[in-house]
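First comes the structure, then the notes that go with it.
Every number here is computed from the coordinates shown, using simple stated rules; none is lab data. Every value quoted in this text rests on a predicted model; they were computed, and no experiment measured them. No Cβ is skipped: glycine too gets one built from the backbone with ideal geometry, and neighbour counts run over all protein chains shown.
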Amino acid sequence: MDAELFGRAAGGDERAFGELFERHAQAVWNHAYRLTGSWAVAEDLTSNTFLIAWRKRAELKLIRDSALPWLYTVAGNLARTERRGARRRLRLLSRIPEPQVVSDHAEAVVAQLDGEERLKAILDAVAGLSKAQRQVVELCLLGDVPTADVAALLEVAEVTVRSHLSRARAHLRALLEDK
């Protein structure tokens, strides 16, 4: 019966090839599954086996009027190729260096929120300083401007800037240790 169907399929009869597929697809899938142990790979091998059978339908060699041995051979060849490819991929993967540990995004967000809350507390504390101390802190500590430049900008002695800075730091430390 396969000989007649393959004869018609070789002539381009898609319906005849469809009948061959329906007749042998489950057996080819079972064979591919036994060769690979994977349902997904067995499905791929079955599809590829019948794709090759369609392409080579004119050259297909039947054994005792059955296409099944030829289909099993094709599926076996495809399974071996798949195994070789999988081994190659595993070897390539083993050469890849271990990935850097990346912190969890949620942890980064929490740290950022904690940092923002801490900064807000610091800015609130700075806002509570006297005007002279606040100006010095904003310029020296937050703006990273040298004390000599701040003294020139505020038109005061550099020792005055250092004094305001020292008092402001002590005050901020006392305020922020409580929080």
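Dipole magnitude for the range 123-177: computed about the Cα centre from +1 point charges on Lys and Arg Cβ and -1 point charges on Asp and Glu Cβ, it is near 220 debye. Taking the charge dipole of the chain about its Cα centre, with +1 at Lys and Arg Cβ atoms and -1 at Asp and Glu Cβ atoms, the residue from ALA79, GLY128, ALA152 reaching farthest to the positive side is ALA79.
Considering only ARG83, ARG91, ARG162, the Gaussian network model of the chain with Cα springs below 10 Å gives its largest mean-square fluctuation to ARG162.
Compared with the dominant Cα axis of the chain, that is its longest principal axis, helix 158-177 is turned about 60°.
Between ALA58, GLY11, TRP29, whose Cα lies farthest towards the positive end of the dipole of the range 2-95 when Lys and Arg beta carbons carry +1 and Asp and Glu beta carbons carry -1, centred on the Cα centre? Toward the positive end, the furthest listed residue is TRP29. Packing, as the average of other Cβ atoms within 10 Å across residues, places the peptides 30-36, 171-177 in the order 30-36, 171-177, highest first.
Taking the Cα centre of the range 22-67 as the origin, how large is its charge dipole in debye, to the nearest 20, when only Lys and Arg (+1) and Asp and Glu (-1) carry charge on their Cβ atoms? Working shown, then result.
Values: 7 positive and 5 negative charges, 42 e Å.
For this selection, approximately 200 debye.
Taken about its Cα centre, the range 1-79 carries a charge dipole of about 200 debye when Lys and Arg each add +1 at the Cβ and Asp and Glu each add -1 at the Cβ.
Hey, what did the chain get for relative contact order, percent, Cα under 8 Å, at least 6 apart? Don't skip to the end; give the middle numbers.
Numbers: 125 pairs, mean separation 27.0, N = 179.
About 15 percent, as a whole number.
Consider a paramagnetic label point 7 Å from the Cα of LEU90 along Cα→Cβ; state which residues of the range 54-77 have an amide N under 19 Å from it. Inside the label zone: 77. Normalised by 2.2 N^0.38 Å, with N the number of residues, the alpha-carbon radius of gyration of the chain equals 2.48. Put the Cα centre of the range 134-156 next to the Cα centre of the range 1-66 and the gap is 84 Å. By how many degrees, between 0 and 90 and to the nearest 10, does the Cα long axis of helix 105-127 differ from the longest principal axis of the chain? Around 10 degrees separate the two axes.
Distant-in-sequence amide contacts of VAL145, defined by a placed amide H-H separation under 5 Å and a gap of 5 or more residues or a different chain, comprise CYS140. Connecting C-alpha atoms closer than 10 Å in a GNM of the chain, tell me which of PRO146, PRO99, PRO69 has the biggest fluctuation. Among PRO146, PRO99, PRO69, the largest GNM mean-square fluctuation belongs to PRO146. Once the C-beta distance of ALA148 and GLU177 is scaled by a Förster radius of 22 Å, the resulting FRET efficiency is 0.15 to the nearest 0.05.
Sorted by average packing, counted as other Cβ atoms within 10 angstrom per residue and highest first, what order do 70-78, 20-28, 54-62 take? Write down the numbers at each step before the final one.
Numbers: 70-78: 19.6, 20-28: 16.6, 54-62: 13.3.
Descending packing order for the listed peptides: 70-78, 20-28, 54-62.
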